[in-house]
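In what follows, a structure is listed as structure tokens, so that the remarks can point back to it.
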Amino acid sequence: GGMAQGWRWVWLGLVAACGVLGVGAAAQTKAGGSVTVDLQKLGLPKETFRADYLMSCGNDLLTYRAVDWVDAGRVLVAFTASPLCPTTLAPAVTAVLKLMTLDAEGKVLHAVNVSYVAGLNTALPHDGVWTMADGRVLVEFPPVPMVTGPWARGEVRVLSSELEPLQELDLRAGTPGELHLAGLTADGQRAVFWRGTNHYNNAECVEFAGGPLVEKGTCAAAELDAVEARAHDAGGFPAAKGEQAESFPGAARDGSRASTFLTKTETPECRTQGIDCPTSGTFVVFDTRSKQVLLKTKVSVLGRMALAPDGKHGAVLDKGRLEIVAVP
């Protein structure tokens with residue numbers, strides 16, 4: 001149908017991924033067991049983590065920069081692989097989203113390029129990329145008002161853990177029943193959306209579950225609140241004075257370990273300069289019972305982090321690299 005024509009999937013099998021992308025040269029193991037993968041060798045634009053470049057862009061369109069775990073042994077990385085600052089001032093351009101999974105040694109397992117229409121940049125919850133407990137990947141493509149067809153309505157694309165296309169969910173933007181992806185339930189089993197045109201005025205909580213994902217009915221407003229609050233939850237970690245929890249990079253499924261991204265509290269001077277300030281923070285993994293810190297690592301504010309579902313590894317996407325770190 002018309003919707004399928006709006007998508008162009010480029011499937012890179014394992015052999016092609018290893019041959020074309022030069023995977024062997026991309027991963028390096030450091031002392032202490034951490035693995036670093038040079039993502040620029042795998043198509044990441046070098047300007048992805050340059051705040052000065054991004055802030056000077058005259059046409060700020062939607063780009064992706066995300067990391068998550070498919071399961072305890074596989075990392076998912078997603079980034080816009082086409083130029084981040086288009087030379088045109090058009091309100092929408094065709095861009096390319098690259099998704100890839102890697103094992104804990106930094107070896108690329110699967111990779112796919114998705115052509116999408118990028119409209120005005122918007123801050124998507126969880127960077128627009130989610131992994132469910134069963135390994136399915138959800139990618140949110142928000143509506144683009146200046147175009148016609150599927151892209152004007154918005155979609156959530158569902159992929160298998162091998163990054164094969166499974167399903168398209170129409171977000172129905174511009175209709176009374178338009179949907180907005182809020183996130184996943186804490187167990188990763190269900191997707192939670194809010195339905196309506198105004199989040200703060202009669203937004204209705206709706207759950208999707210099953211395979212394929214289908215609407216299971218409405219949910220309590222408190223569930224929607226809990227899903228959204230979790231995005232900025234410090235997981236109970238006692239931040240020091242002058243620090244704040246900026247985001248929640250995940251917790252172990254059994255609840256024994258959690259993580260947080262802490263930054264220094266913004267000062268009034270920062271705000272008046274209109275710049276990212278502070279420019280970096282600390283990715284902290286801790287024991288939820290004792291609050292003992294198990295891992296601390298510095299990450300820029302443009303970086304992204306994720307804790308594995310077993311709590312034994314952290315993944316950091318920053319400065320053109322993916323680092324996979326063992327948590328003691």
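Just so it is clear, none of the values below were taken in a lab; they were calculated from the coordinates. Note that the structure is a prediction, hence the values are computed from the model and not measured. Every residue, glycine as well, gets a Cβ built from its backbone with ideal geometry; the counts of neighbours run over all protein chains shown.
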Contour excess over end-to-end distance, with Cα ends at Tyr200 and Ala123 and 0.36 nm allotted per residue: 26.0 nm
Most fluctuating residue given options Thr80, Thr218, Thr101, as computed from a GNM of the chain linking Cα atoms under 10 Å: Thr218
Out-of-range pairs (alpha-carbon distance over 22 Å; input Lys41/Lys312; Lys98/Lys296; Lys264/Lys296; Lys264/Lys312): Lys41/Lys312; Lys98/Lys296; Lys264/Lys312
Fluctuation leader among Met55, Met305, Met132 - the chain, Gaussian network, Cα springs under 10 angstrom: Met55
R0 of 22 Å, Cβ-Cβ distance Lys41-Thr279: FRET efficiency to nearest 0.05: 0.30
Cα gyration tensor, the chain - rounded (a/c under 1.5), prolate or oblate: rounded
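Place a +1 charge on the Cβ of each Lys and Arg in the chain and a -1 charge on the Cβ of each Asp and Glu, then give the dipole magnitude about the Cα centre in debye, rounded to the nearest 20. Walk me through the numbers on the way to the answer.
Working: 30 positive and 35 negative charges, 148 e Å.
In total the dipole reaches around 700 debye.
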Placed amide H near Gln189: partners under 5 Å, 5+ positions off or other chain: Ala133
Phi-based couplings in Hz for the stretch 173-188 (Karplus 6.51, -1.76, 1.60; Gly and Pro marked x): 4, x, 10, x, x, 4, 10, 9, 6, 8, x, 10, 5, 4, 7, x
Anisotropy class of the stretch 39-124 from Cα gyration tensor, a/c 1.5 cut: prolate
Stretch gain in nm, segment Asn59-Ala229, where the contour uses 0.36 nm per residue and the Cα spacing is subtracted: 58.1 nm
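Set the Förster radius R0 to 30 Å, insert the Cβ-Cβ distance between Ala222 and Thr265 as r into 1/(1 + (r/R0)^6), and round the FRET efficiency to 0.05. Intermediate values should be presented prior to the final figure.
Details: r = 29 Å, r/R0 = 0.96.
Result of the calculation: an efficiency of 0.55.
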P(r) of the stretch 109-197 over all Cα-Cα pairs, binned every 5 Å from zero, in whole percent: 3, 14, 23, 26, 19, 10, 4, 1, 0
GNM top mover of Pro212, Pro309, Pro143 - the chain, alpha-carbon springs below 10 Å: Pro212
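Starting from the Cα gyration tensor of the stretch 59-168, take the square roots of the eigenvalues, sort them a ≥ b ≥ c, and report rounded, prolate or oblate (rounded when a/c is under 1.5, otherwise prolate if a/b is larger than b/c, else oblate).
prolate
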Ascending count of other beta-carbon atoms within 10 Å, so fewest first, for Cys277, Cys219: Cys277, Cys219
Helix-only mean residue ellipticity at 222 nm for the chain, each DSSP H run of n ≥ 4 adding -39500 (n - 2.57), per residue, nearest 500: -3000 deg cm²/dmol
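As a footprinting exposure proxy, order Leu89, Leu302 by other Cβ within 10 Å, with the fewest listed first.
Working: Leu89 8, Leu302 17.
So the ranking, lowest neighbour count to highest, is Leu89, Leu302.
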Long-range amide H partners of Leu294 with built H, under 5 Å: Val285, Phe286, Asp287
Equivalent ellipsoid, the stretch 276-328 (semi-axes from 5 times Cα gyration tensor eigenvalues, Å): 20, 14, 7
